[in-house]
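Worksheet for the structure shown next.
Here, each number is a calculation from the coordinates, and none is a lab measurement. What you are looking at is a predicted structure, and each value in this text was computed from that prediction instead of being measured. For neighbour counting, all protein chains shown are included, and Cβ atoms are generated from backbone atoms with ideal geometry for every residue, glycine included.
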Amino acid sequence: MMMKTGTLRSTVESASFVKMKTNLRTPNDATFMYQTLPTDTALWHPAGYIWYVVLTPIGMTRTHMPLEIRGDVVLGTVVDDASPDVDLSVWDAQNHGVSRRHLRLRPSERKLFLVDMGSTNGTHINGLPLGRSWAYAVRSDDIVSLGRLHIRVRIVQRP
């Protein structure tokens, strides 16, 4: 299996986004704007591990979500004033059973881990349930289900 990789451009457009040209097969083969997370640099991993990941909803025509992950990141949906690091509301997450703080992405040097944060409707990886607080090392093209929201995780570049 061939790993999808990308190359960094030498310029940074803003403090929170990095342009990256990838060989990822997308409808437009476009240059993505990666959102840098967490936004607070004090929360970045001390060893400087950076993962470039693209989340794509399955069965929806809505856009990809490119992320530059530098530390623990929480995925979920905005309810009232509580907001996760990555708001999945653009994919109608609340109606698909996604919790406010559903899933944590935890980067390490060699693996990117997924941890269910005690969500109401659970998390599944390729159809298999992920126990609460259990860490799973995600692989490129794994299908992660948060409630009834199915997302393909594509690892574009690892540390």
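Brief remarks on what is shown
- Cβ-derived FRET efficiency at R0 22 Å, V90 paired with W134, nearest 0.05: 0.20
- The packing ranking, built from the mean of other Cβ atoms within 10 Å per residue, places the peptides 88-95, 104-111, 70-77, 127-134 in the order 70-77, 88-95, 104-111, 127-134, highest first.
- Gyration tensor (Cα) of the range 54-159, equivalent ellipsoid semi-axes in angstrom: 19, 15, 14
- Debye log10 I(q)/I(0) at q = 0.20, 0.25, 0.28, 0.33 Å⁻¹ for the range 112-159, Cα point scatterers: -0.61, -0.91, -1.09, -1.34
- Segment D142-K111, extension gain: residue separation times 0.36 nm, minus the distance between their alpha carbons: 9.8 nm
- As a rough footprinting exposure proxy, the listed residues D80, D40, D116 were ranked by other beta carbons within 10 Å of their own, and the order from fewest upward is D80, D40, D116.
- Label separation (S83 vs A42): 1.9 nm, computed from points 7 Å beyond Cα along the C-beta direction.
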